[in-house]
Amino acid sequence: METEAYLGPHDGASHARFGRTERSSVMFGPPGRTYVYFIYGMHCMFNAVTEAEGEAGAVLVRALEPLEGVDLMRARRGLEEPSGLASGPGKLTKAMGITLEQNGVSLLKGPLGIFEGLSPGSLEVERTPRIGVVEDRTAPLRFLVGGNRHVSR
DNA sequence: TGAATGATGTTT
DNA sequence: AACATCATTCAT
């Protein structure tokens, strides 16, 4: 698992840096929903909205370790090998079948209810600067599970 | 290292 | 209405 935090209007690398726009409006909405957006003309990025309504904040899920549905993910990616299925934010949405249609849907229940029935775990979490951002190059807002190879490049 | 590829927000 | 930018990926 690998994530990055994007903050509110004061975060120069966040989509919320222009305030509440059509694209970023879901970031200002209630927490526990998805924020999905289209980038580079070809990739969807998957975020979880984190902050209270009226404040902006989201966590970009950049990579994960496939535990279930590996064959389906492989089929969606069009890969023979099950390695690197979701080792990047664009790869991850393709493997998961996440598109703009899922923008703003709940993560607390339903098909994407990934926060449902979660119990706190204990993981070694490493922190590094975020990838692909030009503002705030040094802020350590990228979080990875220590020693896990299912991360982005 | 660079091309692919299109929406977004800002500037004119 | 036009432009620069972009929370990437893959092939060269």
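Against the definition (under 24 Å from residue A:135 (Cα atoms), in contact with a helix residue (DSSP H, G or I) (Cβ under 9 Å, 6 or more places away or on another chain), more than 13 Å from DNA strand B (Cβ to nearest atom) and of a type in the set (S, T, N, Q)), how does residue A:34 come out, yes or no?
Yes: the conditions hold for residue A:34.
Those residues that are among the hydroxyl-bearing types (Ser, Thr, Tyr) and at pLDDT below 95, I need them from the range A:41-84; list them, please.
A:83
Could you list, in sequence order, all residues of the range A:91-113 that are over 19 Å from residue A:24 (Cβ atoms) and surrounded by 16 or more Cβ atoms within 10 Å (Cβ to Cβ)?
Those that are over 19 Å from residue A:24 (Cβ atoms) and surrounded by 16 or more Cβ atoms within 10 Å (Cβ to Cβ): A:91, A:92, A:94, A:95, A:96, A:112.
Considering A:21, A:3, A:93, which residue is in a loop (DSSP other than H, G, I, E, B) and either touching a residue at least 60 places away in the same chain (Cβ under 8 Å) or over 16 Å from residue A:133 (Cα atoms) (or both)?
Answer to the selection: A:21.
Please work out which residue is surrounded by the fewest Cβ atoms within 10 Å (Cβ to Cβ), limiting yourself to the range A:126-153 and to residues that are hydrophobic (A, V, I, L, M, F, W, C) and within 16 Å of DNA strand B (Cβ to nearest atom).
A:134
Would you check if there is a residue in the range A:98-116 being modelled with pLDDT of 95 or more and under 15 Å from residue A:5 (Cα atoms)?
Taking every residue of the range A:98-116 in turn, none turns out to be modelled with pLDDT of 95 or more and under 15 Å from residue A:5 (Cα atoms).
For the subset of the range A:72-90 comprising residues that are assigned to a helix (DSSP H, G or I) and within 14 Å of the chain's Cα centre (by Cα), which member is surrounded by the most Cβ atoms within 10 Å (Cβ to Cβ)?
Top of the filtered list is A:89.
For the range A:27-47, name all the residues that are near DNA strand C (Cβ under 10 Å from one of its atoms) and in a strand (DSSP E or B).
Result: A:35, A:36, A:37, A:38, A:39, A:43, A:44, A:45, A:46, A:47.
Hey, could you check the range A:37-53 for residues that are surrounded by fewer than 20 Cβ atoms within 10 Å (Cβ to Cβ) and closer than 19 Å to residue A:92 by Cα and say which is nearest to DNA strand B (Cβ to nearest atom)?
So the residue we want is A:41.
Name every residue in the range A:37-56 that is out of contact with any helix residue (DSSP H, G or I) (no Cβ under 8 Å at 6 or more places or on another chain) and small (Gly, Ala, Ser), in order of residue number.
Of everything in the range A:37-56, those that are out of contact with any helix residue (DSSP H, G or I) (no Cβ under 8 Å at 6 or more places or on another chain) and small (Gly, Ala, Ser) turn out to be A:41, A:48, A:52.
What's the number of the only condition in (1) more than 24 Å from residue A:147 (Cα to Cα); (2) assigned to a loop (DSSP other than H, G, I, E, B); (3) more than 16 Å from DNA strand B (Cβ to nearest atom) that residue A:67 fails to meet?
Unmet condition: (1).
Against the conditions (1) more than 15 Å from DNA strand C (Cβ to nearest atom); (2) assigned to a loop (DSSP other than H, G, I, E, B); (3) more than 17 Å from residue A:68 (Cβ to Cβ); (4) of a type in the set (Asp, Glu), where does residue A:116 fall short? Just the number, please.
Among (1) more than 15 Å from DNA strand C (Cβ to nearest atom); (2) assigned to a loop (DSSP other than H, G, I, E, B); (3) more than 17 Å from residue A:68 (Cβ to Cβ); (4) of a type in the set (Asp, Glu), residue A:116 violates only (3).
The values are calculated or read from the model by the stated rules, or taken from the named source; none is laboratory data. All figures in this text were calculated on a predicted structure; none of them were measured in a lab. Positions of Cβ are backbone-derived with ideal geometry, glycine not excepted, and every protein chain shown enters the neighbour counts.
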